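The next block holds one structure in the form of structure tokens; read it before the comments.
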Amino acid sequence: MSTNHNSDLLQQESRVDQPLYTPIKRRSFFMYAGATAGATALVLAGCSKSDSAPGMVNVGSGDVGVLNYAYALEQLEAAFYTQLRTGGYYTGSTITAAEKAILDDLYYHEVIHRDFFKAAITAAGATPIMALTPNFSSIDFSSRTSVLGTAKAFEDLGVAAYNGAGQYITSATYLYIAGKIVSVEARHAAIIRDLVSENTFVGNDILTISSASNSSVATNNSPSGSSLERSMSPSEVVATANTFLADGSKLDVSGIK
């Protein structure tokens, strides 16, 4: 990767940091993201025709493959929180102001992450994957249990995905960025887990407190009692992520090795 690409990426990273470390005001968010973020749109941002396998979206290989993989997962999360904010639970009378504020923050963060990866891939001289179309038909957006349960699943999956993909990144710059984003995703997972059930922000299902990681990939396993967070391989992650993507948008991560 050239020095100019590193510089461009670090400049974008600096812009990402700002809204994540300071309170997000609606006006400044839209100025930052240029977001007409499609509050009702189910079709997500993207601009590539780089797909290879028929009916599947191939994220590619190497560092760009990992970036496109992360971009795909951020698209999915951004779409979920976008649709959540139009659903019956969010717009209803039973949600608390504090819970609504948390879901708003997570929405803003995920949209920023999505847009950041798209810009970073372009800055690297590569092509972002196509716009993905989600399939959220299994989610009841009027139900707190369904909404928060799905948010928990997405956030836990995102953390495990970044942890598992780090070993495939060769660029120190990209690894630096990934580390800063996964720490934000872990904060998301922690607060959602506590909304679902208090004092569950860490649990043996995500942190190897007493038993080994449940990843089937040996290199991603953590020893029992290590207090290391679970990692999941790209193939393990997309096995879940693809259940929330429509036909024609399901992910092929076979190039990430």
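Net charge around Arg114, counting only other residues with Cβ within less than 11 Å of its Cβ (Lys, Arg = +1; Asp, Glu = -1)? Around Arg114, the charge tally is -3. Taking Lys and Arg as +1 and Asp and Glu as -1, the other residues whose beta-carbon sits under 12 Å from that of Ile95 total +1. Rolling a 1.4 Å probe over the heavy atoms of the protein chains gives the stretch 110-257 an accessible area of 41 Å² per residue. The candidates Lys257, Lys100, arranged from most to least accessible area with a 1.4 Å probe in the full protein assembly, appear as Lys257, Lys100.
For the pair Tyr176 and Thr96, a Förster radius of 51 Å applied to the C-beta separation gives a FRET efficiency near 0.90, rounded to the nearest 0.05. The aspartates and glutamates within cross-link reach of Lys180, meaning a Cα-to-Cα straight distance under 18 Å and a gap of 8 or more places when in the same chain, are Asp8, Glu13, Asp17, Asp63, Glu74, Glu77, Asp105, Glu110, Asp115, Glu155, Asp156, Glu229. Taking each of Lys118/Lys250; Lys100/Lys250; Lys100/Lys152 in turn, the alpha-carbon distance tops 21 angstrom for Lys100/Lys250. For the stretch 121-126, the Karplus equation 6.51 cos²θ - 1.76 cosθ + 1.60, evaluated at θ = phi - 60°, returns couplings of 5, 5, 5, 7, x, 10 Hz by residue, with Gly and Pro reported as x. Given a 1.4 Å probe and the protein chains as shown, Ser224 ends up with an accessible area of around 70 Å². The heavy atoms of Glu198 present about 150 square angstrom of accessible area, all protein chains included, probe 1.4 Å. The Cα atoms of the stretch 119-211 give a gyration tensor whose axes a ≥ b ≥ c have a/c of 1.5 or more with a/b no greater than b/c, which makes the shape oblate.
The values are calculated or read from the model by the stated rules, or taken from the named source; none is laboratory data. All of these numbers come straight from a predicted model, not from anything done at the bench. All Cβ positions, even for glycine, are placed from backbone atoms using ideal geometry, and neighbour counts span all protein chains on display. Surface areas here come from the heavy atoms of the whole protein model, side chains and all, with no ligands, DNA or RNA. Shrake-Rupley method; radii C 1.70, N 1.55, O 1.52, S 1.80 Å.
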